[in-house]
Amino acid sequence: MKERLAIYPFSEEAMTLLRHQDKIEGYDITCAIIPKGWKSHFDEEQPIKCLCSEDNFYLENLINNIDAVLLCKFKQLNDMSFYERIISAVQSNSKQIIYTPELESLVGRIDADNRVCLKPPESPSITNNDELFNIDVPVIMVLGVGENCDKLDTQLSIYDYFNKKGYKPKLISSNIISQIMGMSAFPDCIDNHKYTFLQQVKIINTFVKNIELKEKPELIIIGVPGGIMKYSKAVPNGYGYVPFLISNAIAPDVAVLSLYCGDYQEEKIKEIKSMCYYRMGVMANYFHISNKTCNYDIETKQLNYYPVDKPYLIENLIRPQENIPAFNVLDDRSREKAFEAIMKELQANIAVV
Amino acid sequence: MPFMPFQTRPGFYYVYDMNKNSVYKTDKQRYDSLCDIKNESNEDTRVLSEFQEKGLLLDSSIERIEHPASQLLEYQMKRCISTVTFQMSQNCNLRCSYCPYSDNGIYDNRARSDKNIKWDTVQKGIDFLIANSVDSDNLHVSFYGGEPLIVKELVVRAMRYTVEQISGKNITFGMTTNATLLDHKFAEAVKDFNISIMVSLDGPKEIHDKNRSYADGRGSFDTLRENIMNIKEHFPELYKKITYNTVIYPGTSYHSIFEFFRNNQDIFDYSKVSFNELSQNYTDMKISYDESYYSERNYELLKAYLLLLGKINNKAAPELKGEIERIYSYKQIFTPQKSTGPIAHPSGTCVPGLKKLFIDVNGNFYPCERIDENSALMNIGSLEKGFDIEKVREVLNVGTVSEEACRNCWAFHCCNMCPISSDNGKDKHYSKSYKLSKCNNVKAIALEKLKDYTMLREFKFDFNEESIML
């Protein structure tokens, strides 16, 4: 019997969890709690039955109908008092709470038995030898031009495709929350400044090699956190540090780059490909076009993201660019076509001994 | 030809290249030649060709004028609204000499009436903001008039309602007021909301009272001062969030206005004063300022330059904050680019209604509070019908009415023409002749900015905003 899981706060960013809830081990999502003033309608083909407003959640005491709460931290949420009420409710009703490490200070008061932190795995120990291990199974790398361009959805869709084709894929995801779906996350060395760049590269390489040896996957999908380049001087986007690090640690056989929603001309695609190749040594040949577009707000000095709807995306942006080849995970036709091409490309690779 | 030769000081010659939004240093001979070409007084184009062989000063690459937000406009308007400004009343307890609501014959964009906004309209407006701001993390609700404090209970109710309806987003409030009704009770009611209050204060009592008086002719300065003093004493946190808007009327003693703020910093913080000339929009009257005004303002600007270049003590910084912010904005304007794309739009316009949606007492939508409420062009929707997206698109693409001129204009990337300044308030669509009539002034302002920016660069100023603490 699976435990009943609530997600708080629920927004479009958490839709990926709903779309892939069959992968969540031991839990059924039975309640998606929408905070006051947040979007309550989602452009899904099937109505989402588990949606519930924050007011109703408390008024109808729905905490009694769940066993655990998955607490999500979205980047834009800076006011941590936002979480106070749900944490108090979880605590007083002795429910379980699942959370990411950045919320540790808030949930620390909850009994340790009822807390599950989705921590990144520990970094493996490395030798002094600088030489990197070869990864002997095919590797698909999923990169993004920035944050919020549906990398996780893309990784999970690739995972599903190969899984259904009878392969045994392994996903090392860009998003720590994917651990709830049984995926791996990158080790903690990525954000740990005590390591040099050389050590970080070596750790990631060793980490992936260990997975290859222990779990014996037939395919490794690597979701690379962050964006591959700075957006502008005002929005450095991590200067593409993490993608540079990971692409030095692992050479992919195929790379998929997720772009923001837009009409990409051939010239632009060439420029992006060159940038990926000369900056990271990665040849991106498949392009996921997200339904989200990205704008720089000169007043707040932040990037704003907003999605377009699926029919517009497919008709105006995916169909005309399928030859790139471009696809979107929500569009069956372009997605299947791109994934099939990836599979054929990998099947055609000759093993070098 | 999309380039502009200019000088900053004697012996310093430059040319600005619109296509690359870049400034190149040159010498007198080349400068003279480019000026001649620009003025069509010389057909010798060897110098220009020399630049063009290097890929510089090329003909405009713009094929079509279209704002980049046009394509996905309806999605953005559905999800990214961040601010609404309510016209709380068309009434005011003052009869300021230059205010449109005073029926003074200067502006014809507004008329005073006794009409106040209804709660139902405010509530629907806030609900509209919430429904159309899914992807905005920061929401702002602002109160404007007439005088918004005529309906102060509605202002408080609106703030309360907003915070009750939203969680997990940063909510701020703003208000523009003459401060005569900014009493203790109101301050008490709003002190815990994140509200900024802009007070209209025109300077010392004799100047302020001359322009900002009650209907019976009494000046409003004393009441304003008393209210600000009370807030300073009893609500220090709220006091910190008070700023001042000072309208300088032509012919007033500018020196005494600036001196007033310099000498009364204990109550009217100079760093929070924004000096403004009378608007040139929606009036047929020629508004001009004399030499003494510009010498005062330029003196402040000079001090800001000297401070940024480290030539004077930066203790003077707070009072120069406005000037300094303006100078830093030049960096955004003149950021070099590889090229200008074939589809582009002149700078200067924001997406109408996205950042400053103005909702009048009747629930009609306008791009911002500075519009002509009688302009059919500027009415971009209503609470009842939502946004008229085609109208928003038309208002947004202000450059299309003067497409040919804009495509080849050297000031394409430093234009400050917005929908308001391009609307004559009378026609249903933009008028090409009206818009073009404003271009000379816009280009003159752009050239001054260009010169100032380049001069600061000459002095190795790096425009690194963090290097100065205000």
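Of the trypsin sites (Lys or Arg not before Pro) found in the range B:300-384, the ones in coil according to DSSP and having at most 13 other Cβ atoms within 10 Å of their Cβ are B:K311, B:K338. Model label points for A:I48 and B:A131, set 7 angstrom from Cα along the Cα-to-Cβ axis, are 1.9 nm apart. Within the range A:92-148, the GluC sites (Glu not before Pro) that combine a DSSP coil assignment with at most 14 other C-beta atoms in a 10 angstrom radius are A:E122, A:E131. Stretching B:N408 away from B:N194 to a fully extended chain increases their span by 72.5 nm, per 0.36 nm per residue minus the current alpha-carbon distance.
Relative contact order of the range A:3-117, taken over Cα pairs closer than 8 Å and 6 or more residues apart, is 25 percent. Close amide-amide hydrogen proximity is noted between B:T243 and B:I197, B:M198, B:V199, each under 5 Å apart and 5 or more residues distant or on a separate chain (H modeled in the peptide plane; Pro and chain starts excluded). Pairs exceeding a 25 Å alpha-carbon distance, out of A:K233/A:K273; A:K151/B:K355; A:K164/A:K216; A:K209/A:K233; A:K301/B:K241: A:K151/B:K355; A:K209/A:K233.
Remark: mean inter-chain Cβ contacts per residue of B:164-175 equal 4, using a 10 Å Cβ-Cβ cutoff to other protein chain atoms.
Extension gain for the segment B:E153 to B:K232, taken as residue separation times 0.36 nm less the Cα-Cα distance, is 26.2 nm to one decimal. Once the Cα atoms are used to define both axes, helix A:332-348 deviates from the longest principal axis of chain A by about 50 degrees. Counting every other Cβ atom within 10 Å of each residue's Cβ, A:S88, B:S89 order from fewest to most as A:S88, B:S89. Beyond 20 Å in Cα-Cα separation lie the following of the pairs B:K331/B:K443; B:K311/B:K460; B:K115/B:K385; B:K240/B:K356; B:K272/B:K303: B:K115/B:K385; B:K240/B:K356. Once amide H atoms are built 1.01 Å from N in the peptide plane, which residues 5 or more positions from A:S258, or in another chain, come under 5 Å H to H? Counting only residues 5 or more places away or on other chains, the set is A:L143, A:G144, A:V145, A:H288. For the peptides A:105-117, B:126-138, the ranking by packing is B:126-138, A:105-117, with the highest mean count of neighbouring Cβ atoms within 10 Å listed first.
Ranked from largest, the principal axis spans of the Cα set of chain B equal 72, 51, 45 Å. Using a simple spin-label model with pseudo-atoms 7 Å out from Cα toward Cβ, B:N441 and A:I350 lie 7.5 nm apart. Taking every alpha-carbon pair within the range B:390-449, the share separated by more than 15 Å comes to 46 percent.
As a proxy for reagent exposure, B:V273, A:V224 were ordered by neighbouring Cβ count within 10 angstrom, fewest first; the result is B:V273, A:V224. Relative contact order for the range B:65-470: 19 percent, from Cα pairs under 8 Å spaced at least 6 residues apart, divided by residue count. Round to the nearest 0.05 the FRET efficiency obtained for A:D188 and A:E266 when R0 = 41 Å and r is the Cβ-Cβ distance. Taking R0 as 41 Å, the efficiency between A:D188 and A:E266 is 0.50. Taking other Cβ atoms within 10 Å as a rough exposure proxy, B:H234, A:H288, A:H193 sort from fewest to most as A:H193, B:H234, A:H288. Under the criterion of Cα pairs below 8 Å and six or more residues apart, the relative contact order for the range A:76-118 equals 41 percent. On the beta carbon distance between B:Q29 and B:D59, with R0 = 25 Å, the FRET formula returns roughly 0.65. Normalising by residue count, the range A:3-117 has a Cα convex hull of 107 Å³ per residue. Over the protein assembly as shown, the pair-distance histogram of Cα-Cα distances with 20 Å bins from zero comes to 13, 40, 35, 11, 0 percent, rounded to whole numbers.
With a Förster radius of 41 Å applied to the beta-carbon distance between A:K230 and B:I267, the computed FRET efficiency rounds to 0.35. Our note on the geometry: Cα centres of the range A:291-338 and the range B:387-401, 24 Å apart. Axis angle, to the nearest 10 degrees, between helix B:291-308 and the longest C-alpha principal axis of chain B: 80 degrees.
The angle between the Cα long axis of helix B:254-263 and the main principal axis of chain B comes to about 60°, on a 0 to 90 degree scale. Scanning chain B for GluC sites (Glu not before Pro) that sit in a DSSP loop and have at most 11 other Cβ atoms within 10 Å, the longest stretch containing none of them is B:64-383. The simple spin-label model puts a point 7 Å past each Cα toward its Cβ; for A:M283 and A:S40 those points are separated by 5.3 nm.
Here the extension length gained between B:Y299 and B:D427 equals 42.0 nm, from 0.36 nm per residue of separation less the Cα-Cα distance.
Throughout, read-outs are computed from the coordinates displayed, never taken from laboratory work. All values reported here derive from a predicted model rather than from experimental measurement. Counting neighbours? That spans all protein chains shown, and the Cβs are built from the backbone with ideal geometry, glycine included.
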